[in-house]
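Novice: Questions regarding the structure given below will be posed in turn.
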Amino acid sequence: MNRKALWVSVAAVLVGLLLLVVYQRQFERETSGGPKVRILFAVNDIVAGEALQAAKLGFREIPEAYLEDRHIRQSDMNRVIGVQVSGAVRANQALLWTDLATTSNGRRELSLLVRSGMRAVTVRADATSSFSGLIRAGDRVDVFGTMSRTNTEADRVTLPLLQNVLVLAAGRDLGGEVAAAQPGGNNAQPTGTGGASRADVSMVTLSVTLEEAALLVFAQDRGRISLVMRNPDDINVVEGLPETTMSNLIQNREQSAQVRRGTPAPQRPAIENITGGNGR
C-alpha cells in the first residue's frame with residue numbers, strides 16, 4: 001500500500017514539473033514577444049537605385065509582436081531579388097517594403113508595397129484626417145468610424161475600428177524620395193513620388209487584412225472615416241475601447257465644468273447599516 005502511494009506521489013511530482021516547464025516556456029514566449037520571425041536586412045550598404053542581390057541580403061529573427069507590415073520576411077526574398085531600391089539602405093538595417101522601387105527612375109509601385117496576405121484599401125481623407133497633408137507613407141494610424149445606428153442625426157456614434165494600421169500611400173505619394181522643390185524659390189511646395197502636393201492629400205491608402213478591408217469599405221459607405229496619428233514605435237493595441245455618443249460628450253462637458261468651478265463631484269449618500277432588533 002505504501003509503495004502504491006509512493007508511485008502516485010512520484011507521478012504527481014513529475015506531472016507538476018512538466019506543467020511548470022510548459023508554463024515557463026509559455027511565459028517566456030509571451031514576455032519576449034512571441035515566436036521568432038525571420039526578416040531580411042542589408043549585409044552591406046545598398047546605394048539608391050541598386051538592384052537587390054542575394055549576396056547583400058541576410059536575415060535576422062525578431063519577436064512576432066515587433067513584426068511590422070513594412071518588414072520583408074525571408075520567405076518573400078525571391079520577390080525582391082532584382083528589384084531596385086529607391087533610397088540608400090545602410091548595412092545592418094532592416095530591408096522594408098517601402099524601400100523598394102520597380103522602375104529605373106525610382107518610382108514605386110503600390111502593388112509591390114502590399115505584403116503577401118495583406119490588402120491595400122483607400123479611404124477618403126479630409127484635411128483633418130490627412131493632417132493637412134502632413135501624413136506620409138510609413139506612418140501609423142488608428143481608424144475611427146462615425147455613423148448613425150438609424151437614420152436620425154441624434155443616434156450617431158463614433159466607433160474604434162482598427163488600431164496600429166500602416167499607411168501605404170498618402171494621395172499619390174508612395175513614400176519615395178521627395179523630389180526637388182518646384183521652381184519658385186525655397187517656399188515652393190515639395191512633391192512626393194507621384195508629384196502631388198502634400199497639402200492636396202484627399203485619399204489615404206492603408207495596409208489591412210481582407211476582413212479589415214471589408215470592415216472599412218462598409219464603414220465608409222455608412223458614415224465617415226477618421227484617422228488618428230500614432231507614434232510609429234508604439235505598437236500597443238488597447239482592448240475594449242468604448243463607443244462615443246452624444247451622452248458621453250454631455251457627461252464630459254459637465255465634469256469639465258465642475259473641475260473649472262472647483263465644485264466637487266457629487267457623492268453617493270452613505271448607506272446606514274440597519275440591524276435586527278437584538279443589535280446583531
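The values are calculated or read from the model by the stated rules, or taken from the named source; none is laboratory data. Just so we're clear, the structure is a prediction, and the values are computed from it rather than from any experiment.
Novice: On the given criteria, is R149 among the basic types (K, R), modelled with pLDDT of 70 or more, more than 25 Å from D76 (Cα to Cα) and not assigned by TED's automatic domain parsing to the domain that holds V85?
Specialist: For R149, the condition - among the basic types (K, R), modelled with pLDDT of 70 or more, more than 25 Å from D76 (Cα to Cα) and not assigned by TED's automatic domain parsing to the domain that holds V85 - is met.
Novice: Could I ask something else about it? Can you pull out the residues in the stretch 219-277 that are modelled with pLDDT of 60 or more, of a type in the set (V, I, T) and outside any helix (DSSP H, G or I)?
Specialist: Once the filter is applied, which keeps residues that are modelled with pLDDT of 60 or more, of a type in the set (V, I, T) and outside any helix (DSSP H, G or I), the stretch 219-277 yields I225, V228, I235, V237, V238, T244, T245.
Novice: Restricting to the stretch 122-146, name every residue that is more than 21 Å from I235 (Cα to Cα) and part of a strand (DSSP E or B).
Specialist: Across the stretch 122-146, the qualifying residues are T122, V123, R124, T146.
Novice: Any residue that is farther than 13 Å from L95 by Cα, at pLDDT below 80 and outside any loop (DSSP other than H, G, I, E, B) - is there at least one of those in the stretch 54-63?
Specialist: no
Novice: Still on this structure, I have one more. In the set L112, L95, which member is modelled with pLDDT under 75, under 21 Å from the mean Cα position of the chain (by Cα) and not hydroxyl-bearing (S, T, Y)?
Specialist: When all the criteria are applied, what remains is L112.
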